[in-house]
1. Residues in the range 1-37 that are buried (at least 24 other Cβ atoms within 10 Å of the Cβ), in contact with a Ser or Thr (Cβ under 9 Å, 6 or more places away or on another chain), hydrophobic (A, V, I, L, M, F, W, C) and not in a helix (DSSP H, G or I): how many?
2. Give the residue, chosen from Arg58, Arg67, that is outside any helix (DSSP H, G or I) and more than 24 Å from Phe141 (Cα to Cα).
3. I'd like to verify a number: residues in the range 22-64 that are of a type outside the set (Gly, Ala, Ser) and within 15 Å of the chain's Cα centre (by Cα), how many?
4. Here are some conditions: (1) in contact (Cβ under 8 Å) with a residue 24 or more places away in the chain; (2) surrounded by fewer than 18 Cβ atoms within 10 Å (Cβ to Cβ); (3) more than 17 Å from the chain's Cα centre (by Cα). Thr219 meets all but one. Which one does it not meet?
5. Inspect the range 170-189 for any residue being open to solvent by less than 40 Å² (accessible area, probe 1.4 Å), part of a helix (DSSP H, G or I), of a type outside the set (Lys, Arg) and in contact with a helix residue (DSSP H, G or I) (Cβ under 9 Å, 6 or more places away or on another chain) and give the result as yes or no.
6. Of all residues in the range 121-158, which are on the phi > 0 side of the Ramachandran plot and either charged (D, E, K, R) or open to solvent by less than 20 Å² (accessible area, probe 1.4 Å) (or both)?
7. I'd like to verify a number: residues in the range 52-67 that are over 13 Å from Arg96 (Cα atoms), open to solvent by less than 10 Å² (accessible area, probe 1.4 Å) and in contact (Cβ under 8 Å) with a residue 60 or more places away in the chain, how many?
Amino acid sequence: MLVSARSFAEYRAMFALTEHDLEQRILDCPAGAASFVAEAGRRGIDAVAVDRQYAEHRAELGLLVERETAFKRELLAKETAGYVWSWYADADDMIRQWTANARAFGADIVARPERYVAGSLPALPFADDSFDLALCSHLLFSYGNRLGGEFQREGLLELARVARREVRVFPLVVYDTGARYEGLGALREELAELGVPSRVERVAYEFQPGADEMLVLSTAGHRAPARTAPGAAQAPDPVRWRHREAGA
């Protein structure tokens, strides 16, 4: 699992964010080393990032992502050979953009540390309805064949708990197969029964072929049950910095 560093502009496209959306209080979960919150801050947008990596690698995450992305250049080029190259010119351009985004993130987490909170799904360190809109990029369905249905359900319900209006999840395809997550329909039915209706929307962004849709959860009518075990133990972190192992 690679920690990525996508930009504010990519977030706008991936999540179809309007000017009205950007007037709301927004959570980016998990944020990784994305520059969304950094660039949002420069625009006066109220946005907060949360990621488990902020607990262990807070001071160096931007640099780690920069080095890890460069170290995996050949692998990234191979894995994305059949992708839609409209946002990036090529693999080298993607790495250049991610590097710039990681550096913007690294500067902002030092300048505005209160905007970057250590935490992870399915137990976030926020009160109910702390945000208007929660964004979840490249996790729940991208790694759906590894995380399991229970994690996804609990993760989505946790996002619904902290977001009082909407949750948006992108993309809906599995990273290593390119197929839409096969349990999506059943998961949506289960969420609807719990008071969280949803819809699928096409967005004006596609990098991985077929990854041009997001799931939108409507949370305005949802009231989460009290949590019986806040801060429960999390699974081991799957992120490893292989450039360090190779002595780079």
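1. Matching residues across the range 1-37 total 7.
2. Within the list Arg58, Arg67, the selection yields Arg58.
3. 13
4. With respect to (1) in contact (Cβ under 8 Å) with a residue 24 or more places away in the chain; (2) surrounded by fewer than 18 Cβ atoms within 10 Å (Cβ to Cβ); (3) more than 17 Å from the chain's Cα centre (by Cα), Thr219 is out only on (2).
5. yes
6. Answer for the range 121-158, where residues must be on the phi > 0 side of the Ramachandran plot and either charged (D, E, K, R) or open to solvent by less than 20 Å² (accessible area, probe 1.4 Å) (or both): just Asp129.
7. Residues flagged as over 13 Å from Arg96 (Cα atoms), open to solvent by less than 10 Å² (accessible area, probe 1.4 Å) and in contact (Cβ under 8 Å) with a residue 60 or more places away in the chain within the range 52-67 amount to 3.
Yes/no per residue for (1) within 18 Å of Val162 (Cβ to Cβ); (2) in contact with a strand residue (DSSP E or B) (Cβ under 6 Å, 6 or more places away or on another chain); (3) at pLDDT below 95; (4) among the charged types (D, E, K, R):
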{"residue": "Cys29", "(1), (2), (3), (4)": "yes, yes, no, no"}
{"residue": "Ala38", "(1), (2), (3), (4)": "no, no, no, no"}
{"residue": "Arg42", "(1), (2), (3), (4)": "no, no, no, yes"}
{"residue": "Asp46", "(1), (2), (3), (4)": "yes, no, no, yes"}
{"residue": "Gln53", "(1), (2), (3), (4)": "no, no, yes, no"}
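The values are calculated or read from the model by the stated rules, or taken from the named source; none is laboratory data. Quick caveat: nothing in here was measured; it's all calculated off a predicted structure. Neighbour counts are summed over all protein chains in view; Cβ atoms, including those assigned to glycine, are modelled from backbone coordinates with ideal geometry. The protein model used for the area step is the full one, side chains on, heavy atoms only, and it has no ligands, DNA or RNA in it. Shrake-Rupley method; radii C 1.70, N 1.55, O 1.52, S 1.80 Å.
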